[in-house]
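The values are calculated or read from the model by the stated rules, or taken from the named source; none is laboratory data. What you are looking at is a predicted structure, and each value in this text was computed from that prediction instead of being measured. With ideal geometry, Cβ positions are generated from the backbone for all residues, glycine too; neighbour counts draw on all protein chains shown.
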Amino acid sequence: MQITFTDEAAAAIGKRHFNGNGAGALKLAYDAEGCGCAVDGVAALWIVDEPGETDELADSNVFTVYFDRRHELFFEEKLTVDFRPDQMSFVLKSTGQTYNPAMRIEDRRSAGSAASHASTRIG
């Protein structure tokens, strides 16, 4: 899987979530929690301390990004993460579709490595 971050998205994520300390990595998640069914989910970015047992490393132009290989079937091979400053939201898209026009970033790092453990829509 290849995930390209636009300059705007990379700046927003780096500034608001990593604050220059570089602790943690991103994970592209297919979040089905609260959706009622495992196939009814929404794409999200999580900040994690380390990859999970079923995670694989994606090819990315900026960040270290993991994805759960069991959820790979929900996404195309080449994805782009963009930032819409007018809406203060991230967009996950490919050449064929938009996966999430208002993607959230959720900090799932342990308390020791993250300033806060919060879910937010903007980067």
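At a glance:
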| item | result |
| --- | --- |
| Some residue of the stretch 52-64 being at pLDDT 95 or above and hydrophobic (A, V, I, L, M, F, W, C) | yes |
| Members of the stretch 3-19 found to be in contact with a Gly (Cβ under 6 Å, 6 or more places away or on another chain) and under 22 Å from SER94 (Cβ atoms), listed by number | ALA12, ILE13 |
| Any hit, the stretch 70-85, residues being surrounded by 17 or more Cβ atoms within 10 Å (Cβ to Cβ) and assigned to a loop (DSSP other than H, G, I, E, B) | yes |
| Selection within the stretch 40-71 - over 18 Å from ALA23 (Cβ atoms) and in contact with a His (Cβ under 7 Å, 6 or more places away or on another chain) | none |
| Selected residue (criterion: surrounded by the fewest Cβ atoms within 10 Å (Cβ to Cβ)) from residues of the stretch 52-66 that are within 13 Å of the chain's Cα centre (by Cα) and outside any strand (DSSP E or B) | THR64 |
| Flag for THR95 being in contact with a strand residue (DSSP E or B) (Cβ under 8 Å, 6 or more places away or on another chain) and either at pLDDT below 95 or assigned to a loop (DSSP other than H, G, I, E, B) (or both) | yes |
| Test result for PHE74, touching a Gly at 6+ places or on another chain (Cβ under 8 Å) and under 19 Å from ARG16 (Cα atoms) | no |
| Any hit, the stretch 32-47, residues being modelled with pLDDT under 95, small (Gly, Ala, Ser) and touching a Cys at 6+ places or on another chain (Cβ under 6 Å) | yes |
